[in-house]
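Here's the structure, in structure tokens; my notes come after.
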Amino acid sequence: MSYCDTCVVRNRAICAALDAEEIKAISGIGRRRKLEAGESLIWEGDDSLLVANVIEGVLKLSTGTEDGREQIVGVVYPSDFIGRPFGSTTRHSVTALTDANVCVFSRADFDSFAADHPALENKLLRRTLAELDRTRKWMLLLGRKNAEEKLSTFLLEMSERLTEPGCESMDGALDNFELPFSRQQVADVLGLTIETVSRQFTRLKKEGVVDLPSRRAVKILDRRALESRAG
């Protein structure tokens, strides 16, 4: 039995496009790797040497600004695909926000495998288009929404993306979850100050929209109200 047979995200990852024989073949070029929170897998500007499926955990995509600051440009979750296939240079760093497990492939081996398996290429294209749609929504979030709308949208996305099989609610989202971000990281992601983020959290709690049992724990009490505040 290969690790693919017990993979918890197999039916949601790009590998879902493969049949049993193809799964066996791709398992021969992949390997599991554990990452500790804060450990990087890919570095911005390096040669594109590997790609990976996220099995467990949450990772951030980040890039450096000219003055040396970090800008978080995206977040990846279980079943997401990371890395740059068919490319030469990586455009952002990939770092674990939580302890994580990933299935890693040599980029050259993966490119060769994908070229021989059109269903995998098609799945990869669909994922790329979905990521493009999320990026456009993120541009709207950063460019047009106010602080309340930004944080509300962010919390809704976290509730939808942090789900695990069998743990989600009726609408496919979680009402209780742990943020993989510190308050400062939330501020950095949303282009706000940490003081503004803290005030917005306090306001949402005071108005009964969410509860905050701990520094990172979030409980959505009124999803409809949160959606309204997200604009």
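Scan segment 115-127 and tell me whether some residue there is hydrophobic (A, V, I, L, M, F, W, C), part of a loop (DSSP other than H, G, I, E, B), farther than 21 Å from Arg161 by Cβ and over 16 Å from the mean Cα position of the chain (by Cα).
Looking for residues that are hydrophobic (A, V, I, L, M, F, W, C), part of a loop (DSSP other than H, G, I, E, B), farther than 21 Å from Arg161 by Cβ and over 16 Å from the mean Cα position of the chain (by Cα), one finds none in segment 115-127, hence no.
Could you list, in sequence order, the residues of segment 189-211 that are in a loop (DSSP other than H, G, I, E, B) and hydrophobic (A, V, I, L, M, F, W, C)?
Matches in segment 189-211: Leu192, Val209.
Tell me, please, whether a residue that is free of Cβ contacts under 8 Å to residues at least 60 places away in the same chain and within 17 Å of the chain's Cα centre (by Cα) can be found in segment 139-149.
Yes, segment 139-149 has at least one match.
Among residues belonging to segment 86-95 that are buried (at least 20 other Cβ atoms within 10 Å of the Cβ) and either modelled with pLDDT under 85 or among the hydroxyl-bearing types (Ser, Thr, Tyr) (or both), point out the one that is nearest to Gly45 (Cα to Cα).
Across segment 86-95, the extreme among qualifying residues is Thr90.
Does Thr153 qualify as being at pLDDT 80 or above, in a strand (DSSP E or B) and surrounded by 14 or more Cβ atoms within 10 Å (Cβ to Cβ)? Before you say what the answer is, go through the steps one by one.
On the way: at pLDDT 80 or above: yes; in a strand (DSSP E or B): no; surrounded by 14 or more Cβ atoms within 10 Å (Cβ to Cβ): yes.
Here the answer is no, as Thr153 does not meet what is asked.
Determine whether Val102 is closer than 23 Å to Gln184 by Cα, in contact (Cβ under 8 Å) with a residue 12 or more places away in the chain and outside any helix (DSSP H, G or I).
So Val102 fails the test.
For the condition closer than 26 Å to Leu129 by Cβ, in a loop (DSSP other than H, G, I, E, B) and assigned by TED's automatic domain parsing to the domain that holds Ala115, what is the one hit in Asn53, Asn11? Lay out the reasoning, then the answer.
On the way: Asn53 fails: in a loop (DSSP other than H, G, I, E, B).
After ruling out the rest, the residue left standing is Asn11.
Could we say that Ser182 is surrounded by fewer than 18 Cβ atoms within 10 Å (Cβ to Cβ), at pLDDT 85 or above and under 18 Å from the mean Cα position of the chain (by Cα) here? Explain how you work it out, then say what you get.
Details: surrounded by fewer than 18 Cβ atoms within 10 Å (Cβ to Cβ): yes; at pLDDT 85 or above: yes; under 18 Å from the mean Cα position of the chain (by Cα): yes.
Yes.
Which one of the conditions (1) among the hydrophobic types (A, V, I, L, M, F, W, C); (2) in a loop (DSSP other than H, G, I, E, B); (3) in contact with a helix residue (DSSP H, G or I) (Cβ under 8 Å, 6 or more places away or on another chain) does Ala37 fail to meet, given that it meets all the rest?
Only one criterion is unmet by Ala37, namely (3).
Residue-by-condition table, conditions (1) aliphatic (A, V, I, L, M); (2) closer than 29 Å to Leu156 by Cβ:
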position	(1), (2)
Ser40	no, yes
Val58	yes, yes
Ile72	yes, yes
Arg84	no, yes
Thr98	no, yes
Val102	yes, yes
Ala115	yes, no
Leu120	yes, no
Leu129	yes, yes
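The values are calculated or read from the model by the stated rules, or taken from the named source; none is laboratory data. Quantities reported herein were computed from a predicted structural model and do not represent experimental measurements. As a convention, Cβ positions derive from the backbone with ideal geometry for all residues, glycine included, and neighbour counts pool all protein chains shown.
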